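Visitor: Here's a structure for you.
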Amino acid sequence: MNKDFLAISELNRAEIMELLELGIELKRKQCAGEAHNYLAGKTLAMIFQKPSTRTRVSFEVGALQLGGHALYLGPNDIQIGKRESIADVARTLSRYVDLIMARLFGHENIVELAQAASVPVINGLTDLLHPCQVMADMMTILEKRGSFDGLKVTYIGDGNNMVNSWLNIAGRIPMTLALAIPGGYDPDETILAAVRETGISEVQIFREARPAAAGSHVLYTDVWASMGQEAEAAERKEVFKQFQIDTELVKHAHPECLVMHCLPAHRGEEITAEVIDGPRSIVFDQAENRLHAQKAIMAKLSS
């Protein structure tokens with residue numbers, strides 16, 4: 001495994017499965033009260049350009065449960081790339097801490113941070129990718145289904161960083177990945193081309209939700225307007241109004257379909273309250289698994 005965890009495409013299938021299995025084992029140990037002090041005496045620096053509930057809490061609690069300490073550096077604390085260059089921040093923090101997690105806007109910034117840092121860097125989210133979320137998602141699917149054999153995942157909504165990360169995982173683990181996305185909102189072309197070139201998974205693009213959902217084992221969605229796109233929210237609401245997961249759409253999926261959402265959810269927009277709170281929803285299971293999947297990443301990088 002590389003020094004850093006920036007993109008799932010940088011891992012091979014064996015490394016991904018090792019992390020997922022470690023996450024499940026760490027979850028078992030936490031529930032059983034067994035020690036798993038992989039970060040004993042170590043410190044994680046958490047850099048946030050974007051605020052977050054799940055990312056901050058899961059990394060901070062995860063570091064503590066691994067026997068370490070987490071240090072929060074908010075948007076006004078270091079103003080990375082403005083008050084001080086990204087490279088200088090990386091070099092300085094590397095003298096103080098053992099791991100760095102960063103939640104940034106530009107993906108090029110996390111790459112620069114990792115190149116300059118001498119300690120492992122974890123991508124907590126960029127506008128291009130959200131790899132920690134997809135690792136938690138895959139861990140949750142593995143728990144619920146027991147394997148990824150014959151898996152069909154349908155993503156419905158915007159071709160954002162979540163879709164790009166799903167494409168990355170589909171380039172390593174075989175599945176059918178169906179994307180129901182309005183024209184003009186497709187995922188990153190380079191990432192899409194790369195996964196298709198591997199031939200590992202079948203990637204389908206639809207302009208309607210219902211045909212994409214047919215036979216799906218997982219229905220997945222995210223907000224229509226991500227952080228930084230607030231000015232487009234009204235326009236996007238109109239464009240995406242036919243791309244909602246509701247009870248009628250769930251009926252077109254596999255009878256044992258699982259419904260997922262990376263949160264925060266805008267109930268009544270990309271997903272109805274009836275579905276997110278319904279019997280097929282595993283939304284809060286995947287939210288919980290952010291903690292355990294990220295603990296596995298931190299444990300592996302610090303070993």
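Visitor: Among the residues of segment 1-21, which ones are surrounded by 17 or more Cβ atoms within 10 Å (Cβ to Cβ) and either within 17 Å of the chain's Cα centre (by Cα) or farther than 24 Å from Trp166 by Cα (or both)?
Guide: Correct list: Asp4, Phe5, Leu6, Ala7, Ile8, Ser9, Leu11, Ile16, Leu19, Leu20.
Visitor: Of all residues in segment 79-98, how many are among the hydrophobic types (A, V, I, L, M, F, W, C) and touching a Ser or Thr at 6+ places or on another chain (Cβ under 7 Å)?
Guide: 1
Visitor: Now, a different point. Can you confirm whether segment 30-41 contains a residue that is charged (D, E, K, R) and surrounded by 13 or more Cβ atoms within 10 Å (Cβ to Cβ)?
Guide: There is no residue in segment 30-41 that is charged (D, E, K, R) and surrounded by 13 or more Cβ atoms within 10 Å (Cβ to Cβ).
Visitor: Considering only residues that are of a type in the set (Asp, Glu) and surrounded by 24 or more Cβ atoms within 10 Å (Cβ to Cβ), which ones fall in segment 106-146?
Guide: Asp137
Visitor: Follow-up. Would you check which residues across segment 134-178 are outside any loop (DSSP other than H, G, I, E, B), more than 16 Å from the chain's Cα centre (by Cα) and among the acidic types (Asp, Glu) and list them?
Guide: Answer for segment 134-178, where residues must be outside any loop (DSSP other than H, G, I, E, B), more than 16 Å from the chain's Cα centre (by Cα) and among the acidic types (Asp, Glu): just Glu143.
Visitor: For segment 62-88, how many residues are surrounded by fewer than 21 Cβ atoms within 10 Å (Cβ to Cβ) and in contact with a strand residue (DSSP E or B) (Cβ under 8 Å, 6 or more places away or on another chain)?
Guide: Result for segment 62-88: 8.
Visitor: Would you tally the residues in segment 228-270 being touching a Ser or Thr at 6+ places or on another chain (Cβ under 9 Å) and of a type in the set (A, V, I, L, M, F, W, C)?
Guide: Total meeting the criteria: 10.
Visitor: Still on this model: Check off (1) within 28 Å of Ile200 (Cβ to Cβ); (2) touching a residue at least 40 places away in the same chain (Cβ under 8 Å); (3) charged (D, E, K, R) for Arg103 and give me the number that stays unchecked.
Guide: (1)
Visitor: Continuing with the same structure: Just checking, which of Lys27, Lys42 is touching a residue at least 24 places away in the same chain (Cβ under 8 Å) and over 21 Å from Ile141 (Cα atoms)?
Guide: On inspection, the qualifying residue turns out to be Lys42.
Visitor: Confirm whether Val153 is farther than 28 Å from Leu258 by Cα, surrounded by 15 or more Cβ atoms within 10 Å (Cβ to Cβ) and among the hydrophobic types (A, V, I, L, M, F, W, C).
Guide: no
Visitor: While we're looking at this one, here's another question. Does segment 171-225 hold any residues that are loosely packed, with under 14 Cβ neighbours inside 10 Å, free of Cβ contacts under 8 Å to residues at least 12 places away in the same chain and among the charged types (D, E, K, R), and which are they?
Guide: Those that are loosely packed, with under 14 Cβ neighbours inside 10 Å, free of Cβ contacts under 8 Å to residues at least 12 places away in the same chain and among the charged types (D, E, K, R): Glu189, Glu197.
Visitor: Of the residues in segment 156-199, how many are touching a Lys or Arg at 6+ places or on another chain (Cβ under 7 Å) and over 25 Å from Leu142 (Cβ atoms)?
Guide: 2
Visitor: Please find, within segment 76-90, the residue that is farthest from Phe48 (Cα to Cα) out of those that are charged (D, E, K, R) and within 27 Å of the chain's Cα centre (by Cα).
Guide: Ranking the candidates gives Lys82 first.
Visitor: Test Asp127 against the stated conditions and say whether it is assigned to a loop (DSSP other than H, G, I, E, B), of a type in the set (D, E, K, R) and modelled with pLDDT of 95 or more.
Guide: yes
The values are calculated or read from the model by the stated rules, or taken from the named source; none is laboratory data. These numbers were taken from a predicted model, which means no experiment stands behind them. Methodologically, a virtual Cβ is constructed for each residue, glycine included, from the backbone with ideal geometry; neighbour enumeration extends over all protein chains shown.
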